[in-house]
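Visitor: Pasting a structure here, questions to come.
A short reminder: the numbers here are calculations on the coordinates, not readings from a lab. A quick note: this is a predicted structure, and the numbers were derived from the prediction, not measured. FYI the Cβ positions are ideal-geometry reconstructions off the backbone, even for glycines, and counts take in every protein chain you see.
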Ligand code: SF4
Ligand SMILES: [Zn+2]
Ligand SMILES: [Zn+2]
């Protein structure tokens, strides 16, 4: 069924075909409804937005900018991490900077090179580790630490329904249910002042919807992917889910919707798990030292230098 006489640009999972204007309205309303439904953003916030220069994060920034214009007590600041991936992140950060300039939003960029001693490309030359494992640990670490320093009340990320679906399945396949308890539109299990609350306003938007929104609204005109993504477990799960979705439309929604039904019980089950603090940097850790400090130690050993204290 078509929305009006205009040419449709997308067919939704339920079969409805929407033109550019009706799709844009549908998509933005969906994000605003997600924010209300899961109580993601309060009336007054110093909201950080994690941007990478990709379609998800710039779409998120564009919509949150509209929200902030209507609610001036919601202040936005962008934050980006430069992992040091040549030919990829250098380019996407230029896109991010240009977009932030256009919206007049300040962008703070932090790099692995400055914070951890070397760019990711070099880390992968001295350590035998999967790129996304070390990259993800360092990114989460820096985002939390810098969000605290910048005084963010919350940090919004561009994770969409496909990302969440992949995480749920990865945790199932790896018997990692404790990690699943941390998922959801509001990340984490308990409120903890050492963790800046992460929120996912695009939680119910599919990758296809986000991509369409970004392109038809001229947010992004090119698409570059990290050269390391193909080596990740996530990419295999992504391809499997895409195959399934093509054969059985609605699979991804079903996975996330059924997960949302059990999520409160999961969070309840793990709510008493103890949080330790890293003896080196004082950031939250599951053991005596946080994973970021453990990797910095390994990097320094690999370089034959003493441990850098991350303050
Ligand atoms: S795909 Fe992996 S290596 Fe590339 S930016 Fe993402 S987490 Fe880092
Ligand atoms: Zn229409
Ligand atoms: Zn640490």
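Visitor: Tell me what the chain gives for mean residue ellipticity at 222 nm when only DSSP H runs of n ≥ 4 count, each as -39,500 (n - 2.57), the sum divided by the residue total, rounded to 500 deg cm²/dmol.
Guide: On the way: 12 runs with 155 residues, N = 311.
Calculated mean residue ellipticity at 222 nm is -16000 deg cm²/dmol.
Visitor: Using only Cα positions of the chain, each an equal point scatterer, no hydration layer, compute I(q)/I(0) via Debye at q = 0.10, 0.13, 0.15 Å⁻¹ and quote the log10 values to two decimals.
Guide: Scattering profile of the chain, log10 relative to I(0): -0.59, -1.03, -1.41.
Visitor: In degrees between 0 and 90, to the nearest 10, how far off the longest principal axis of the chain does helix 251-269 point, with axes built from Cα atoms?
Guide: Roughly 50 degrees, rounded to the nearest 10.
Visitor: Sorted by packing (mean other beta-carbon atoms within 10 Å per residue), highest first, where do 46-57, 231-242 land?
Guide: 46-57, 231-242
Visitor: Place a label point 7 angstrom from the Cα of residue 223 along the Cα-to-Cβ direction, then list the residues of the range 148-168 whose backbone nitrogen is under 20 Å away.
Guide: 158-167
Visitor: For the peptides 255-264, 159-168, what is the packing order when you average, over each peptide's residues, the other Cβ atoms within 10 Å and list the highest mean first?
Guide: Going from most to least packed, we get 159-168, 255-264.
Visitor: Right, here's the next one. Could you compute the FRET efficiency for residue 153 and residue 20, with r as their C-beta to C-beta distance and R0 at 30 Å, rounded to 0.05? Write out the running numbers ahead of the final one.
Guide: Working: r = 34 Å, r/R0 = 1.14.
With R0 = 30 Å, the Cβ-Cβ based efficiency is 0.30.
Visitor: Please find the FRET efficiency linking residue 33 to residue 286, where r is the Cβ-Cβ separation and R0 is fixed at 51 Å, and quote it to the nearest 0.05.
Guide: 0.90
Visitor: Helix 131-149 against the longest principal axis of the chain: what's the angle in degrees, Cα atoms only, rounded to the nearest 10?
Guide: Between helix and principal axis, roughly 90 degrees.
Visitor: For a footprinting-style exposure proxy, rank 11, 83 by other Cβ within 10 Å, fewest first.
Guide: Placing the least packed residue first, the sequence is 11, 83.
Visitor: So for the range 10-273, averaging the separation of alpha carbon pairs under 8 Å that are six or more residues apart and normalising by length, what relative contact order in percent results?
Guide: 24 percent
Visitor: How big is the Rg/Rh ratio for the range 77-226, C-alpha atoms only, Rh by Kirkwood, two decimals?
Guide: Values: Rg = 16.2 Å, Rh = 17.1 Å.
Across the range 77-226, the Cα-based Rg/Rh ratio is 0.95.
Visitor: For the range 122-169 and the range 263-299, write down the distance between their C-alpha centroids in whole Å.
Guide: One Cα centre to the other: 14 Å.
Visitor: Would you mind checking the tilt of helix 291-303 against the longest principal axis of the Cα atoms of the chain, expressed as 0 to 90 degrees and rounded to 10?
Guide: 60 degrees
Visitor: Could you work out how much longer the chain between residue 174 and residue 302 gets when fully extended? Use 0.36 nm per residue separation minus the Cα distance between them, nm to one decimal.
Guide: Net length gain for the segment: 43.2 nm.
Visitor: Any idea what the relative contact order of the range 16-164 is, in percent, if you count C-alpha pairs under 8 Å spaced at least 6 apart? Each step should come with its number before you reach the end.
Guide: Numbers: 173 pairs, mean separation 44.0, N = 149.
Reported relative contact order: 30 percent.
Visitor: While we're here: What residues from the range 99-116 fall in the zone where the backbone N is under 16 Å from a label point 7 Å along the Cα-to-C-beta line of residue 90?
Guide: Once the point is set 7 Å along Cα→Cβ of residue 90, 111-114 turn out to lie under 16 Å by backbone N, inside the range 99-116.
Visitor: On to the next question. Rank the residues 146, 186 as a footprinting-exposure proxy: fewest other Cβ atoms within 10 Å of their Cβ go first.
Guide: Lowest count first: 186, 146.
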